Amino acid sequence: MTYWNDAEVRAAFPALALQDDGQPRLYADAPGGTQVAGRALDRTRQAMVEQCANEAGVFLTSQRTSQWMTTAHQAAAAFLGCDADEVVFGLNTTSLLFHFSHMLARDWQAGDEIVLSRMDHDANVGPWILAAAERDVTVRWLDVDPQTFQYRYDALGALIGPRTRLVACNHASNFLGTINDVRRIVAAGRAVGAVTVVDAVQSAPHFPIDVRAIDCDILVSSPYKYFGPHAGLLYVRRELEKRLKPLKIRPSPDEMPYRHAPGTPSFEAQLGTYGAFEHLAWLGDRFGKPTGNSLRARMVAGLEAAAAHEAELAVRFLQGLARIPQVRLYGIADPAQVQGRVPTFSMTIAGHSAADVARTFAVRNIYVWDGTFYAWEVSGLLGLRESGVVRIGFAHYNTVAEVEAILDVLRGIVAAG
């Protein structure tokens, strides 16, 4: 892999230096939200101290807000691989999808169909189910193979047809960790003229996103999952954006990037997100091999360097889990197939509830999640909706030593019976 320095990377995250009663924190909760890069914190403070004003005014702080919001949108476009007038910031992914579901469903007719995924976070399911119920539209499901933890791609031809108005899927699973062939799903939807929606919340922290290559109509992500503040970021294809009638008050702008913004934006969240992009670019400059000097080239190189490090962590973790037979992993378990997953691992431990296991970790100041994480359909499919799982997830600021510490705790839990 490329050169990597754990200490240098971790120094870029102020939270990683914190201790509680002399005990360091071990963050293994990245799928629920990563720690915030120092550059993102600096930019957030800039927005709230140096230029705290609404935009479009004639005075200095307002003008600076306007200038920096333009910069933030341009950087978001570079991150996604699109143009700045195809970017919408919002409160979070869920609220953005509810917002767009109302606009898209206006054209649906009784008897139409939509195709949803049983692997998705409910943010990319619930809004569409509600919209379909209001319009008397049939919901069809793209299923998951419980043995391979992959989509049933062989069913696409039967699921998607002339009445299909929308196809929604996820890029990577927040429950299984599976990286999905979204281009194949999107192509099947676009072939019949359906609007295609990709949930990239779990993929965006781990590898570069290119909406032009995916060829989808809408793609959503959450900056707080990739080292920035709580916010939502949505790409909408220009041709689709122009067809949609905005849900907005009458005096608000009728041009992008604010045509579809639901109210006054969070300037601090947008500028903080720009800081997260700066962090990814710094990773590329320091540890990657950028193909040019553009912000996108530098971010891509940063994510590729981070992915190589995360793959090492994932291999080490999967090798360790294979030696603990009492742990059952839901997702790709073969270290040789680590490129097919993100470093998100859901598991059960025989004889122990997920909540108790998470508490055992918490006592050691190791942060892991338990539950189903809004992955309503796949947790039900696997019979885990009531009991839940333990979810351990890594980001590029984690280390091999932390992986080993987590494996030690798992071995201790099993040994204790």
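The values are calculated or read from the model by the stated rules, or taken from the named source; none is laboratory data. Because the structure is a prediction, the values reported are computed rather than measured. Positions of Cβ are generated from backbone atoms using ideal geometry, with glycine treated the same way; all protein chains shown enter the neighbour counts.
Among the residues in segment 402-415, are any part of a loop (DSSP other than H, G, I, E, B), of a type in the set (A, V, I, L, M) and either within 17 Å of Asn174 (Cα to Cα) or touching a residue at least 40 places away in the same chain (Cβ under 8 Å) (or both)?
Taking every residue of segment 402-415 in turn, none turns out to be part of a loop (DSSP other than H, G, I, E, B), of a type in the set (A, V, I, L, M) and either within 17 Å of Asn174 (Cα to Cα) or touching a residue at least 40 places away in the same chain (Cβ under 8 Å) (or both).
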Residue satisfying condition, being in a strand (DSSP E or B), in contact (Cβ under 8 Å) with a residue 12 or more places away in the chain and either of a type outside the set (S, T, N, Q) or not assigned by TED's automatic domain parsing to the domain that holds Ala375 (or both), within set Leu166, Leu176 | Leu166
Name the residues in segment 288-315 that are out of contact with any Asp or Glu (no Cβ under 8 Å at 6 or more places or on another chain), under 18 Å from Asp210 (Cβ atoms), crowded, with 18+ Cβ neighbours inside 10 Å and touching a residue at least 40 places away in the same chain (Cβ under 8 Å), would you?
-> Leu295, Arg296, Met299, Val300, Leu303, Glu304, Ala305, Ala306, Ala307
Within segment 35-46, can one find any residue that is without any contact (Cβ under 8 Å) to a residue 12 or more places away in the chain and loosely packed, with under 14 Cβ neighbours inside 10 Å?
-> no
In segment 372-389, what residues are surrounded by fewer than 19 Cβ atoms within 10 Å (Cβ to Cβ) and without any contact (Cβ under 8 Å) to a residue 60 or more places away in the chain?
-> Gly380, Gly383, Arg385, Glu386, Ser387
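Please work out if Ala53 is free of Cβ contacts under 8 Å to residues at least 60 places away in the same chain and either surrounded by 21 or more Cβ atoms within 10 Å (Cβ to Cβ) or touching a strand residue (DSSP E or B) at 6+ places or on another chain (Cβ under 9 Å) (or both).
No.
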Examine segment 71-89 for a residue that is closer than 29 Å to Pro146 by Cα and either outside any helix (DSSP H, G or I) or not assigned by TED's automatic domain parsing to the domain that holds Ser379 (or both), and state whether such a residue exists.
-> no
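Results for (1) closer than 23 Å to Cys169 by Cβ; (2) at pLDDT below 95, shown as yes or no for each residue.
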site: Val211; (1), (2): yes, no
site: Leu219; (1), (2): yes, no
site: Gly232; (1), (2): yes, no
site: Leu244; (1), (2): yes, no
site: Pro257; (1), (2): no, yes
site: Phe267; (1), (2): no, no
site: Glu278; (1), (2): no, no
site: Ala301; (1), (2): no, no
site: Arg316; (1), (2): no, no
With Val327, Val363 as the choices, which residue is crowded, with 17+ Cβ neighbours inside 10 Å, of a type in the set (Val, Ile, Thr) and not assigned by TED's automatic domain parsing to the domain that holds Asp145?
-> Val327
Mind checking which residues of segment 55-79 are within 30 Å of the chain's Cα centre (by Cα) and modelled with pLDDT under 95?
-> Glu55
In this structure, does Leu18 turn out to be in contact with a strand residue (DSSP E or B) (Cβ under 7 Å, 6 or more places away or on another chain), over 19 Å from Leu280 (Cα atoms), modelled with pLDDT of 95 or more and not assigned by TED's automatic domain parsing to the domain that holds Ala231?
-> no
Pairs where the first residue, in segment 336-351, is in contact (Cβ under 8 Å) with a residue 60 or more places away in the chain and the second is of a type in the set (D, E, K, R), C-beta under 6 Å, 6+ apart = Pro343/Glu310; Ser346/Arg391
Pairs returned, first residue in segment 191-206 that is over 22 Å from Arg140 (Cβ atoms) and in the same structural domain as Tyr397 (by TED's automatic domain parsing), second residue that is of a type outside the set (Ser, Thr, Tyr) and not in a strand (DSSP E or B), beta-carbon separation under 7 angstrom, 6 or more apart or interchain, are none
Would you pick out the residues in segment 126-148 that are touching a Phe, Trp or Tyr at 6+ places or on another chain (Cβ under 7 Å) and in contact (Cβ under 8 Å) with a residue 40 or more places away in the chain?
-> Leu142, Val144
Residue list for segment 90-108, filter: surrounded by 24 or more Cβ atoms within 10 Å (Cβ to Cβ) and not in a helix (DSSP H, G or I) = Gly90
Check on Thr70, polar (S, T, N, Q) and crowded, with 16+ Cβ neighbours inside 10 Å = no
Is there a residue being under 22 Å from Gly412 (Cβ atoms), over 17 Å from the mean Cα position of the chain (by Cα) and assigned to a loop (DSSP other than H, G, I, E, B) anywhere in segment 302-316?
-> no
Within segment 248-268, is there a residue that is of a type in the set (Gly, Ala, Ser) and within 23 Å of Gly340 (Cα to Cα)?
-> no
Test Gln337 against the criterion of being surrounded by 23 or more Cβ atoms within 10 Å (Cβ to Cβ), at pLDDT 95 or above and either assigned to a helix (DSSP H, G or I) or on the phi < 0 side of the Ramachandran plot (or both), and give yes or no.
-> no
Residue list for segment 191-209, restricted to those being aliphatic (A, V, I, L, M) and outside any loop (DSSP other than H, G, I, E, B) | Val195, Val197, Val198
